[in-house]
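**Q** This is the structure I have questions about; it appears just below.
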Amino acid sequence: MGTRTPNMSIYTPSNGEDLYGRAFAQGLLNIDAHNHSGAPDNGVQIGTDGIQDGAITPKKLSNQIIVEATVQTTNATPTQIAAVAVAESSAVTITGRVIALRNDATESCGGDFMCVFHRPTGGSVTQVGVVYVNFNEDSSGAPSFNVVADVGNEAASLQVTGEGGKTFNWKVAYNILSWPSTP
């Protein structure tokens, strides 16, 4: 009875089991021995044309690349759109962009941000310095974006604030750089 190769589980018949000779069996072993594991283990790079449009989405990427979140507001109360956990004995830098559109498309806002949070050994999460937010809006009110330390959850809380009596749909896209790196 034949065997299966260790990497790709290709069935290789034993001598006399099939009409294939030793050269065919060696070819199967060569295919299996080819490195299909990808980087960083010397795999073959996939060309741009080998990836379908839309195949790589934010959900499939590391949060060190990009994370997206959405929320809707109907009042002027700060509302969490996302939270970034800050592990004990670590620091994180969060950078990103935020945008919002009123449900009737008459008003909008958006911008970019950068902030740093630290959680010492045996301590709680704290904001380091100031949160830098570049924010523009064309609303008759004052929608806004901010990031604050959430000590109860040991996280950085990304928050949006809409306006009373108006519905805004918000989206944030951000990335996280942490040290030491988290898996």
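**Q** Taking residue 136, is it on the phi < 0 side of the Ramachandran plot and surrounded by 13 or more Cβ atoms within 10 Å (Cβ to Cβ)?
**A** no
**Q** Quick one: which residue in 100, 69, 83, 156 is in contact with a helix residue (DSSP H, G or I) (Cβ under 7 Å, 6 or more places away or on another chain), of a type in the set (A, V, I, L, M), at pLDDT 95 or above and closer than 28 Å to residue 56 by Cα?
**A** Within the list 100, 69, 83, 156, the selection yields 83.
**Q** Just to be sure I understand the filter: pairs with C-beta atoms under 9 Å, separated by 6 or more residues or on different chains, first member in the stretch 91-108 and within 30 Å of residue 124 (Cα to Cα), second member surrounded by fewer than 18 Cβ atoms within 10 Å (Cβ to Cβ) and aromatic (Phe, Trp, Tyr). Which pairs pass?
**A** 91/179; 92/179; 93/179; 98/135
**Q** For residue 104, indicate whether it is assigned to a strand (DSSP E or B), at negative phi and acidic (Asp, Glu).
**A** no
**Q** Under 24 Å from the mean Cα position of the chain (by Cα), assigned by TED's automatic domain parsing to the domain that holds residue 81, modelled with pLDDT of 95 or more and over 26 Å from residue 103 (Cβ atoms) - does that describe any residue in the stretch 132-139?
**A** Yes, because at least one residue in the stretch 132-139 is under 24 Å from the mean Cα position of the chain (by Cα), assigned by TED's automatic domain parsing to the domain that holds residue 81, modelled with pLDDT of 95 or more and over 26 Å from residue 103 (Cβ atoms).
**Q** To continue, here is another question. Which of the following residues is surrounded by 12 or more Cβ atoms within 10 Å (Cβ to Cβ) and more than 16 Å from residue 73 (Cα to Cα): 145, 113?
**A** Among 145, 113, only 113 is surrounded by 12 or more Cβ atoms within 10 Å (Cβ to Cβ) and more than 16 Å from residue 73 (Cα to Cα).
The values are calculated or read from the model by the stated rules, or taken from the named source; none is laboratory data. Source: prediction; values computed, not measured. All Cβ positions, glycine included, derive from the backbone under ideal geometry; neighbour counts span all protein chains shown.
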